[in-house]
Amino acid sequence: MQFAGLILGILSLIQLWTAACRGRYRERRIPTSGKGDQRHCRPRLIELADSEGNSRTWSGPRSFVVRRRVEEADQVLSLYLEPQDGKPLPSFAAGQFIGVAVNIPGQPSPVKRCYSLSNAPHSRYYRITVKRVSGGLVSGFIHDQLLVGGIVQVHAPAGQFVLTEESSRELVLIAGGIGVTPFLSMLEVLAKFPGRRATLFYSVRNGRDRIQRDSLEELMARAPWLRIVTIYTQPEDTDILGLDYNDSTRLTAEAIRNVVPELDAEFYLCGSVAMTTSLVNQLRDAGVSEEWIHVEGFGGPPQPRKAIREEKRQGDSSAPEPIAAAPKITFSKSGTTVTCDQPAASILEVAEQHGIELESMCRSGNCGACRLALLSGRVAGCAGQMGAVDGDSCLPCVARPVTDIVLHA
């Protein structure tokens with residue numbers, strides 16, 4: 001009887017342990033940045049959960065400590081951030097970003113920016129890689145004053161620029177400069193899955209701007225289904241063609257076709273507006289469906305061929321009306337009305353010029369944090385962006401007024 005009781009006890013423990021393992025991971029679906037039939041490109045975000053199935057993710061800001069600073073290249077710095085409370089971190093989908101808020105002397109409130117996570121998911125730290133921007137308030141502070149031990153406020157991982165697990169197409173990753181950061185995370189994940197080929201086209205000025213060279217080369221050697229084509233647009237005398245880089249001409253769809261002949265692939269582009277706009281148009285001309293083109297950029301979203309793609313609050317948007325010469329923007333909560341006399345300026349930029357503070361993070365239409373209700377009027381620039389789910393809202397960081405508008409702000 002004692003022996004039988006012992007056996008039953010062991011079996012009960014095994015059942016409890018198995019149930020706990022099953023509850024350790026939880027999945028949720030998120031939409032993708034691709035257009036077209038979303039059923040074919042629906043990625044999954046895996047969140048680590050505790051033994052009771054409670055997600056470790058969080059809402060709002062969370063205090064993180066800078067544990068390491070690593071100089072990656074000329075004016076490029078990586079920060080390793082760990083939660084101040086010491087609790088494990090939620091996982092994230094490779095390609096996502098975090099919102100970072102820093103307290104900068106002389107600024108009335110924390111200044112926020114979004115940075116791609118440049119490492120594979122890890123339960124202890126997040127890594128961001130920041131390029132110093134000339135005159136950049138936050139990047140300058142991070143490089144010059146945010147030292148090891150410094151505290152920043154971090155918002156949980158977000159974003160739709162992620163790999164589509166349900167697609168078996170070859171991947172073409174196109175990075176311009178610091179736009180390589182989300183692909184560093186993606187490639188670490190892809191290295192574990194030999195079933196999907198991927199090519200990274202990495203364009204930088206020269207060897208001084210190239211980051212993570214040794215890590216990427218080691219990754220390619222370990223995972224032969226991954227390959228990298230490096231382009232130096234302004235090579236220096238010390239940069240050797242064929243050893244340090246593969247080409248020195250600007251990347252085009254034709255150059256991509258020389259490596260991926262059929263262009264029957266899924267494309268991810270991250271870089272400047274000029275680069276992504278040019279390549280997206282070239283890929284479309286080459287017959288690549290928008291369904292298989294995913295874009296994330298800095299400095300704003302890629303621009304459509306037409307200068308303005310208008311969105312009507314109601315009715316058919318196919319009949320655009322002329323853009324007002326100097327449209328007025330009214331913020332309904334404060335009753336403040338300002339004039340937009342710069343046609344290329346976003347609503348956010350106009351608001352900042354007049355000392356009006358609006359919530360914002362990525363400043364490129366990717367995160368949706370700035371979305372506001374559009375009470376009246378029409379805007380341009382939100383088409384296809386994450387937060388512009390209907391004509392009753394807009395993203396001030398990328399939207400421009402077409403007529404006089406009223407915002408719920």
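Search the structure for amide H atoms under 5 Å from the amide H of ALA345, placed 1.01 Å from N in the peptide plane, and list their residues when 5 or more places away or on another chain.
Hits under the 5 Å cutoff: none.
Can you give me the Kirkwood hydrodynamic radius for the stretch 76-212, using every pair of distinct Cα atoms, in Å to one decimal?
Numbers: mean 1/r = 0.0618 Å⁻¹.
It is 16.2 Å.
Can you give the local net charge around ALA101? Use residues other than it whose beta-carbon is closer than 9 angstrom to its beta-carbon, Lys and Arg +1, Asp and Glu -1. List each step's numbers first, then the result.
On the way: positive: LYS112, ARG113; negative: none.
Counting the neighbours of ALA101, the net charge comes to +2.
Excluding PHE141 itself, calculate the net charge of residues whose Cβ lies under 15 Å from the Cβ of PHE141, where each Lys or Arg counts +1 and each Asp or Glu counts -1.
Around PHE141, the surrounding residues sum to +4.
If I model a spin label as a point 7 Å beyond the Cα along the Cα-Cβ vector, how far apart are those points for LEU243 and TRP58 in nm?
Distance between the two pseudo-spin positions: 4.8 nm.
At most 12 other Cβ atoms within 10 Å and a DSSP loop assignment: could you name the GluC sites (Glu not before Pro) in the stretch 245-277 that fit? Don't jump to the answer; show the numbers that get you there.
Details: sites: GLU254, GLU262, GLU266; in loops: GLU262.
Of the GluC sites (Glu not before Pro), the ones in loops of the stretch 245-277 whose Cβ has at most 12 other Cβ atoms within 10 Å are GLU262.
Near SER215, within a Cβ-to-Cβ distance under 13 Å, what is the net charge of the other residues, with Lys and Arg +1 and Asp and Glu -1?
It works out to a net charge of -1.
With point charges of +1 on the Cβ of Lys and Arg and -1 on the Cβ of Asp and Glu, referenced to the Cα centre of the stretch 170-298, which listed residue (PRO235, VAL273, PRO194) lies farthest in the positive direction of the dipole?
Selected residue: PRO194.
How far apart, in nanometres, would the label points at LYS192 and GLN342 be if each is projected 7 angstrom from Cα along the Cα-to-Cβ direction?
Placing both labels 7 Å beyond Cα along the Cβ direction yields 4.5 nm.
Please arrange CYS270, CYS114, CYS394 by counting, for each residue, the other beta carbons lying within 10 Å of its beta carbon, fewest first.
CYS114, CYS270, CYS394
Evaluate E = 1/(1 + (r/R0)^6) for GLU166 and ALA221, where r is the Cβ-Cβ distance and R0 equals 25 Å; express this FRET efficiency to the nearest 0.05.
Values: r = 29 Å, r/R0 = 1.15.
Using R0 = 25 Å, I get an efficiency of 0.30.
Amide H of SER393 versus every other amide H placed in the peptide plane: which residues, excluding those fewer than 5 positions away on the same chain, fall under 5 Å?
HN-HN under 5 Å from SER393: LEU374.
Every read-out reported here was derived from the displayed coordinates using simple, explicitly stated rules and does not represent laboratory data. Please read all numbers here as calculations on a predicted model, not as lab measurements. No Cβ is skipped: glycine too gets one built from the backbone with ideal geometry, and neighbour counts run over all protein chains shown.
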